[in-house]
Amino acid sequence: MRTTTSKSSGLNPDEVESGLTCYCGLRSPILTAKTRKNAGRRFYGCAKFDGPSCCNFFMWADPKIPDGARDMIVDLLDRNQALSESSQSKRDEIDVSSLLAKMKAQKAKNRLLKEELARVKQEKIQYQLAFFLCMFCNILWVICNLKASEKFLSLP
Ligand SMILES: [Zn+2]
């Protein structure tokens, strides 16, 4: 059996071209079975494997997997699937709880900022009042001075 490395023909990435040709007259790629019964067992297929004009050429490349080994492979695949699902759900849980903690921290920060803003607004009003009071006093002082100077000028 002669095999070469995979060329891109639109099939699985683990396919390898063989020396065999399918009924279409094309080089038959080696494909890997994904079914539970023959998981991992390689076979020769049609070059247009998934296409509508597939000639249905089929021949096993690997010998039959012994039942015990096949059961073990299926069991391992099931466990792998279950593990990846549970680790995904744990990851989701961690994501949610860390997001909640971040949200809580952000809310506390927001509350502090709101308090700071209210304090700054209060200060602004106080400064404005003080400014207007000063301006009022200045204007009063100027008016009084003007009147005094008028009196002083009009005396003689
Ligand atoms: Zn074919």
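The numbers here are math on the coordinates, done by the rules we state, and not lab data. A quick note: this is a predicted structure, and the numbers were derived from the prediction, not measured. As a convention, Cβ positions derive from the backbone with ideal geometry for all residues, glycine included, and neighbour counts pool all protein chains shown.
Dividing the convex hull volume of the alpha carbon atoms of the stretch 16-65 by its residue count gives 71 Å³ per residue.
Quick check on the stretch 50-156: take the gyration tensor over C-alpha atoms, sort the square-rooted eigenvalues as a ≥ b ≥ c, and tell me if it's rounded (a/c under 1.5), prolate or oblate. It comes out prolate by the Cα gyration axes. All other residues whose Cβ lies under 10 angstrom from that of A61 are scored, Lys and Arg at +1 and Asp and Glu at -1, for a net of +1. With K and R counted +1 and D and E -1, the other residues having a Cβ less than 14 Å from that of L129 yield a net charge of +1.
Using r as the Cβ-Cβ distance of V74 and L100, and R0 as 41 Å, what FRET efficiency do you calculate, to the nearest 0.05? Write down the numbers at each step before the final one.
Numbers: r = 39 Å, r/R0 = 0.96.
Working from the Cβ atoms, E equals 0.55.
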